[in-house]
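The values are calculated or read from the model by the stated rules, or taken from the named source; none is laboratory data. Worth saying up front: this structure is predicted, and the values here are computed from it rather than measured. Virtual Cβ from ideal backbone geometry, glycine too; neighbours counted across all protein chains shown. Note: accessible area is taken over every heavy atom of the protein model, side chains too, but ligands, DNA and RNA are not part of it. Shrake-Rupley method; radii C 1.70, N 1.55, O 1.52, S 1.80 Å.
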Amino acid sequence: MSVHTPDVEHLDVLVVGAGLSGIGAGHYLQTDCPWASYAIFEARDAIGGTWDLFRYPGVRSDSDMYTLGYSFRPWDSDKSIADGAAILDYIRETAAVEGIDRHIRFNHRITRADWSTPDARWSITAERTDVESGITEEIHLTCGFLFSCSGYYRYDQGHQPDFAGLSDFGGVVVHPQQWPDDLDYADKRVVVIGSGATAVTLVPSMADEAAHVTMLQRSPTYIMALPAKNPLVNVLRKVLPKRLSGPVVKWFNALMTQGSYRFSQRHPGAARKVIRALVKAQLPTGYEVDVHFKPTYDPWDQRLCLVPDGDLFKAIKRGDASVVTDQIETFTPDGIRLQSGAELPADVVVTATGLELLFLGGIEARVDGAPLDLPNKLTYKGMMLEDVPNLAIAIGYTNASWTLKCDLTCQYVTRLLDHMHTTGLRQCTPENRDASVTAAPLLGLSSGYVTRSMDKFPKQGSRFPWQVKQSYLADYRALKRSDIRDEAMQFTNPAPANEPATV
């Protein structure tokens, strides 16, 4: 059945999300597909995505900015590890300089997307909220191609375990994802529950003002110190012409990160020893390294945490922060009682207990009336879904900068769009015809926030193009240099004779 309605707005491309990857998508659409009409729907009222959402002390990148920054607008600060405010400014400036911000429609949350093969287009249902009145109305439009750049973090809430005795606690409890602007922790006893990237950022940042900060973890995480300003990168930028320094520095850092990852995967025992030695050298003599900084898993089974200039270790060395490895028995009026019997006094408890994941931003998607069964779909080149037409998803690396993969995805999408525009074919659909391909988890990490949600996510396959390699070099060849017309990608649905060739 046709879903085409003549008086409903139609866009060639609808981008979901005005964060780091959404603004990148806007750039590539404008540059590579100047013929295409597009809009960016942003559910919130600001540009920046994650970098606007998270406001906790010390929020920063856990990847170097020379690879997290856009390839078309290289990061020009000397800070390799940047704070959240600087990253947010960078995203906003990019959107303003290129006029991408004029294509953003704020407070537009897509709730449903229905694909119609006869019409070769998506029918979109969205909620538009008026900021002043708070009134929400339902709107409808269509698009030829849907590009989800909303990441996979759930924005409205983070993961909050059901702690025993929490209601008895007399202090303040906050989750980093809902950080209050007026939280006063000066000269207070703070306990940060967690050991991931958020926790290792919060602890040294809060230690400057708090009476003491304790990082309470169930088990250790791999933590690496990196210089906030990379001296070698700064040398490269000084000796190379500006037009070359950005690409060279990006490739240099990307290959270094990839080399570290590959070494850890192939020689986990040696990698563990190297990381332990580096950590031990930064801690006080006699510190119980194997109690608090010796994970039970191998490096890169979960994402490594980076601390610029070793700020976490410096706070521990000064005595402003400490690490406790134990299990929570219950909250008490004055703090937390542990399973070992010890008690941690606290005035403020920060539950840095992880994120909740949400695929496609929670959009209810259907293809020709059939609900999209995500857990039984394979991902094509880590950016499209098996048997789902004209839909791409920007998902970054778990072992490197998010933007490295998203840049490649955006460029591949524009190549698809240009091919369809030129040939008059309106539908591109990845189809798996190899019965021997087996399924595996998409993200390939053992982190709690990943394993909690993997049953709701699509899968990756056992071989290309369904396998996610987590390799910038491999993806560069597969997405940027290869022919988009492969055996898995089916181009169909020619434009009617009375319509122009368009997506």
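From the set of residues in the range 310-334 that are of a type in the set (Gly, Ala, Ser) and within 33 Å of the chain's Cα centre (by Cα), which is most open to solvent (accessible area, probe 1.4 Å)? My answer is SER322.
Assess whether ASP78 counts as being modelled with pLDDT under 90, part of a loop (DSSP other than H, G, I, E, B), open to solvent by 10 Å² or more (accessible area, probe 1.4 Å) and among the charged types (D, E, K, R). In short, yes. Would you point out the residue of the range 438-480, among those that are modelled with pLDDT of 80 or more and assigned to a helix (DSSP H, G or I), that is nearest to the chain's Cα centre (by Cα)? Out of the qualifying residues, it is TYR472.
Given the options ARG276, ARG262, ARG237, name the one that is touching a Lys or Arg at 6+ places or on another chain (Cβ under 7 Å) and either polar (S, T, N, Q) or not in a loop (DSSP other than H, G, I, E, B) (or both).
Only one candidate qualifies: ARG276.
Please go through the range 151-191 and give me each residue that is assigned to a strand (DSSP E or B) and within 19 Å of the chain's Cα centre (by Cα), ordered by number. Matches in the range 151-191: TYR153 only. For the range 198-213, taking the residues that are outside any helix (DSSP H, G or I) and out of contact with any helix residue (DSSP H, G or I) (no Cβ under 8 Å at 6 or more places or on another chain), the one that is surrounded by the most Cβ atoms within 10 Å (Cβ to Cβ) is identified as ALA210. Taken together, ASP320, ASP298, ASP311, ASP290 contain a single residue that is among the acidic types (Asp, Glu), farther than 24 Å from MET206 by Cα and touching a helix residue (DSSP H, G or I) at 6+ places or on another chain (Cβ under 7 Å), which is ASP298. Within the range 398-407, can one find any residue that is buried (at least 19 other Cβ atoms within 10 Å of the Cβ), under 24 Å from the mean Cα position of the chain (by Cα), among the small types (Gly, Ala, Ser) and more than 28 Å from SER116 (Cα to Cα)? Scanning the range 398-407, I find at least one residue that is buried (at least 19 other Cβ atoms within 10 Å of the Cβ), under 24 Å from the mean Cα position of the chain (by Cα), among the small types (Gly, Ala, Ser) and more than 28 Å from SER116 (Cα to Cα), so the answer is yes. Of the candidates PRO345, PRO389, the single residue that is open to solvent by less than 40 Å² (accessible area, probe 1.4 Å) and either out of contact with any Gly (no Cβ under 8 Å at 6 or more places or on another chain) or not β-branched (Val, Ile, Thr) (or both) is PRO389. Of all the residues in the range 114-150, those that are assigned to a loop (DSSP other than H, G, I, E, B), open to solvent by 60 Å² or more (accessible area, probe 1.4 Å) and in contact (Cβ under 8 Å) with a residue 60 or more places away in the chain number 2. Within the range 68-90, residues that are under 17 Å from GLY22 (Cβ atoms) have Cβ atoms under 8 Å from residues that are surrounded by fewer than 18 Cβ atoms within 10 Å (Cβ to Cβ) and hydroxyl-bearing (Ser, Thr, Tyr) in these pairs: PHE72/THR31, counting only partners at least 6 apart in sequence or on another chain. Of the residues in the range 96-109, not one is touching a Pro at 6+ places or on another chain (Cβ under 8 Å) and either modelled with pLDDT under 90 or open to solvent by 40 Å² or more (accessible area, probe 1.4 Å) (or both). Summed over the range 28-75, the residues that are open to solvent by less than 40 Å² (accessible area, probe 1.4 Å) and farther than 30 Å from GLU209 by Cβ give a count of 13. Listed conditions (1) within 26 Å of the chain's Cα centre (by Cα); (2) under 30 Å from GLY171 (Cβ atoms); (3) among the acidic types (Asp, Glu) are all met by ASP298, apart from (2). Scanning the range 220-262 for residues that are open to solvent by less than 30 Å² (accessible area, probe 1.4 Å) and modelled with pLDDT under 80, we see that the one that is nearest to GLN282 (Cα to Cα) is VAL233. From the list GLN282, GLN265, the one residue that fits, being in contact with a Gly (Cβ under 6 Å, 6 or more places away or on another chain), open to solvent by 30 Å² or more (accessible area, probe 1.4 Å) and modelled with pLDDT under 95, is GLN282. Residue count for the range 408-419, restricted to those that are surrounded by fewer than 24 Cβ atoms within 10 Å (Cβ to Cβ), farther than 24 Å from LEU68 by Cα and among the hydrophobic types (A, V, I, L, M, F, W, C): 1. Quick check on the range 83-113: of everything there that is part of a loop (DSSP other than H, G, I, E, B) and over 21 Å from the mean Cα position of the chain (by Cα), which residue is nearest to VAL8 (Cα to Cα)? Ranking the candidates gives GLY99 first. Inside the range 180-230, residues that are of a type outside the set (D, E, K, R) and under 23 Å from ASP334 (Cβ atoms) make up a count of 22.
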